[in-house]
Amino acid sequence: MLTINGRSQTFCDGVSRRSFLHIGGLSIAGMASLTLPEVLRAEALAGAGSRHKGVINIFLGGGAPHQDMWEIKTDAPKEIRGEFSPIATKIAGIEIGETFPLIAAKMDKFAVIRSVVGNSGGHDAFQCFSGWERNSITSVGGRPSIGSVISKLGGPVDPGVPPFVALAEKTQHAQWSEPGAPGFLGAAFKAFKPQGEGMADLRLNTVSSDRLQDRKSLLRGLDNLKREVDATGMLRGMDAFTEAAFGVLTSSKLVDALDLSKEDPKIVERYGDGKPYKFQYDGAPTCNDQLLMARRLIEAGVRCVTLSYGRWDSHGDNFGLVRDHGAKLDQCVSALVQDLEDRGMLDDVTVVVWGEFGRTPRINPQAGRDHWPQVNSCLMAGGGMRTGQAIGATNRLGEYAKERPVHVQEVVATIYRNMGIDPMTTTLRDPTGRPQFLVDVRDPIHELV
């Protein structure tokens, strides 16, 4: 809701101001601990952005089975190998699972990493969205996510568009829909979540999205509001950041990006909608349309989009789950990469698809696979990387990384590098004033950069 609040506050710059614009449900990751003007002020202090690059981080909540997707174990015994066969890809010598024919046909645009190590075993997105274990430097607020770091270092591309947006639907297992925490950077650098209450705020409750996009109509209403409030003197302390906050509300860019009715129907059809939602339980639905929304958000000026796709915790009926989720993921990820290429965005936008860990080599009595943090997998595209590669390999049974182990932080370092940030030299000061590196002595994946 839009509330008028006349209480005096002291901000981080030491100046006492009258803050009157407070967006109740327009939350940064669901928490309205700061007003929108404060958020914009903090971003401005961080400095305006450089060249607009972006990252779309797709989290496969629950942990996807590496040996049923990107590295089929044809030589393993039946109790380990599973039901899937490998298929050829566009790149000679690289085979992937049969549920991904569209990605296989575009393998020159992808890199598959079959030997990801360093997963902590936590059943959440924390490592995938930050590169760190959840318990790292919690005494000073914890590690910030990639999106929060990018927001801090780059700031907004457009004052009416948040630099970091999370599309994850709310899940019963709450950790699977975490957007990526700001850690010690603080609430000013949380992700904006447009789902639920956030979208209601974008429409200013009683103002429809059509009226929101009618800038003249909305501005006339704000002028009336200003005249009414000016009589009480509550606008005397209004500064440029409050005006910018109105800019977020009056800009059509964010709302337009989230409105798929404005997209070419053929493009919408190419992505699909991921329905019917199966195997969801306590996890995320297979929202294919969120990947299209992510592309539109990046195009509108967002720097980082995170989302949670599906529920991959396959303790039972692993193969039915992979057939369902895999085919839908194949459709929307291949569509996303093609879409980015068609629009000339692929070299500037990094796409990463991964979960918190892999699955056990041995199939359990419920035809499922259990948690296996010993080795994981990752699919990457775009970002100017040298794609058309399969990096690393596990042993015959898919138990551990036999060739070229790739640490989680190497993946994250590669994302930073693609965003124009040097992960080996860039630091951020924590609340104690101590400089903190973005990763712990990890270079980007040298095969890709």
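Nothing in this text is a laboratory measurement; each read-out follows from the coordinates by a stated rule. These numbers were taken from a predicted model, which means no experiment stands behind them. A quick note on method: Cβ atoms are made from the backbone with ideal geometry, for glycine too, and the neighbour counts reach across all protein chains shown.
Observations on the model:
- Extended-chain gain in nm, criterion 0.36 nm per residue less alpha-carbon gap, residue 343 and residue 173: 57.6 nm
- Zone residues, the range 139-168, relative to residue 432, backbone N less than 16 Å from point 7 Å out along Cα-to-Cβ: 139-144
- Label-point gap, in nm, between residue 87 and residue 395 - each point 7 angstrom along Cα→Cβ: 3.1
- Extension gain for residue 74 to residue 269 (0.36 nm times residue separation, less C-alpha to C-alpha distance): 66.8 nm.
- Computed about the Cα centre, the dipole magnitude for the range 302-412 is approximately 320 debye when only Lys and Arg (+1) and Asp and Glu (-1) carry charge, each at its Cβ.
- Distance (nanometres) between label positions extended 7 Å along Cα→Cβ at residue 386 and residue 443: 1.2
- Each of 114, 81 has some number of other Cβ atoms within 10 Å of its Cβ, and from fewest to most they run 81, 114.
- Members of 78/328; 170/402; 106/190; 53/266 lying beyond 30 Å, as alpha-carbon distances in this model show: 170/402; 106/190
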